[in-house]
Each structure stands twice: as structure tokens, then as C-alpha cells.
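The structure appears right after this line, and notes come after that.
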């Protein structure tokens, strides 16, 4: 398994190697490190795409950064307990127990998926998306009901990635982290530049998953208009009616999912998040919770 990942890296498939690592290390101490490596790779890919578009041919710095990233991945590979991971995989594939399939189905229905969508176009202010994802994952890992939640990460989110992620994961929580404007949330285009998705379009797409989605969190500035459009279809939506500092956004998200992971309701978890922001003397007035009218 480790050798297969090394071969992927040697063949230039660093993206695929890191994606596989995210799946394999989900319940290990190294998962947070892989999240940060994944965020670094996406940022680096965006920089390379931007320079190609601008016609910049000197990519010495990017090549150096990629070498350092590969070295970090290889170092992490050496630290992982592969015997433990392989034993877990064998255990999961053991279908000799007649109750295996029943238990698997029950587990699938009881586990709720949190879909984290990160977007930070190259022509926008850089945000600490990797840190936010790591903090959310930390809180879920420490939570009482940690086995009831599955965190799925998507980086450099485009409209196509958003659509495919919703179809693939059918999430219970949709968490967008990035920039926002009154005209819509800021996704990325294929070149890594900003692509604004209008509130009505986002709401129409999410409405197709209304039977599953319990809450949408728009952790982005000026996302109130998007929240108002989505709340017509989804029980709860969290948005921002003004600009929100990066620190406040990260602190709120971490504390909110701490509440969720300990079995608290969405309104209670929202209050827990706002209290956590206040306790750090950070701004929280812009964070709003909308509830669907019945």
C-alpha cells in the first residue's frame, strides 16, 4: 500500500496520492497533517495555473515548493502505521459474519456526512481554509458522537465540483468556506479565478437534496442573500450579513461542530459557536441563523 502511493508520486500523480491518503488515514493521528498537505497542494496548483494564464514562464519557485511538498508527503508516509491500517481494511472486508451486511447498512444510515467545500481563487485574498478544515475535524474527533459523522473535503471548488460532490456524498451538512459577496458565493473557474455563483442558482441546486440536507453553513462574508434563498428549501441555514474576520469564521465553525458532534441541536450548536467567538473577544454580530417556516 505504501509502495503504491510512492509509485503514484513518482509517476507525477501527487493529487491522487494525497486523495488516497485522506481516505486511508481518516481515523489516524496523521489525518490533520494530510488535510494541510492537501490544502498546500491545491494552493500551489492554483498559483501554477495563474502563472500559465499570465504567460509567466519562470516557475522556479513553484517547482521548489512542489519538491518540498513531495518531501513532506514522503516523510508522512514513513510515520504512518501501515500494519494497523491494513488490519482495519481486512476487518472491514470480512464478510464471513452473516450480520456484516446488516450492520454495514445500519451504520451507513446512522452516519451523517458533512461536506466541506473550500474555494479561494488566486485573484482573491488568501484565507486559512486548511486551518478551518483541520479545526472542524479536531472537534469532531474529540466529540462524543464522533463515529456518527463523516467529514468530506473538497478544495478549489468549482460549480462542477460542487455538483459532483452533492451527488456523490448526498450530505446532511453543507459547509462552504471562502469568499462571498451580495451577488453570490465566490467559487473558482477552471483557471483558479473567481466565479460568482448567484443565490438563486445555488438555492436551486441545493433544493434537489432537501430530503437529506439538514443545515447549510455559508462561512463567507455577505452571504445573507444566499442564506435567504436557500432557507426556502432547507431547515436551517447559517450565513453572514456583513464581512467576517478569518479568526471569527474559524472559531465559530470549530465550536459549532463541537456542539453538533456532541449531539446538540443545530440552534444550540449555533449559540455555542457564537459564544466561543465572543469568548475570544472576536466579532460575531454578523453571524445569523435562519430557520425554515413550516
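Every number in this text was worked out from the coordinates using simple rules, so none of it is lab data. In this text, all values refer to a predicted model and were calculated from it rather than measured experimentally. Cβ atoms come from the backbone with ideal geometry, glycine included; neighbour counts cover every protein chain shown.
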Per the Kirkwood formula over distinct C-alpha pairs, the hydrodynamic radius of segment 116-189 in angstrom is 13.3 Å
Calculated log₁₀ intensity ratio I(q)/I(0) where the Debye formula runs over C-alpha points of the chain, q = 0.14 Å⁻¹: -1.11
Note to self: Kirkwood Rh of segment 249-292, Cα pairs, one decimal, Å, is 10.3 Å
Using alpha carbons only, how many angstrom separate the centre of segment 1-52 from the centre of segment 134-151? 21 Å
What list do you get for 70, 174 if you sort them by fewest beta carbons within 10 Å? 70, 174
Over the chain, calculate the relative contact order: mean separation of alpha carbon pairs under 8 Å at least 6 apart, over the residue count, as a percent. 15 percent
Share antiparallel - DSSP beta bridges, segment 171-294, percent rounded to 5: 60 percent
Whole-percent pair-distance distribution, where bins are 5 Å wide, for the alpha carbons of segment 210-262: 4, 20, 25, 24, 19, 7, 1
For 179, 262, order by how many other beta-carbon atoms lie within 10 Å, fewest first: 262, 179
Computed helical MRE - 222 nm, the chain, DSSP H runs ≥ 4 contributing -39500 (n - 2.57), nearest 500: -17000 deg cm²/dmol
Would you mind ranking 164, 46 by Cβ crowding within 10 Å, fewest neighbours first? 164, 46
So if the hydrodynamic radius of segment 1-55 is defined as the Kirkwood radius over C-alpha pairs, what does Stokes-Einstein give as its diffusion coefficient at 25 °C and 0.890 mPa s, in µm² per second? 201 µm²/s
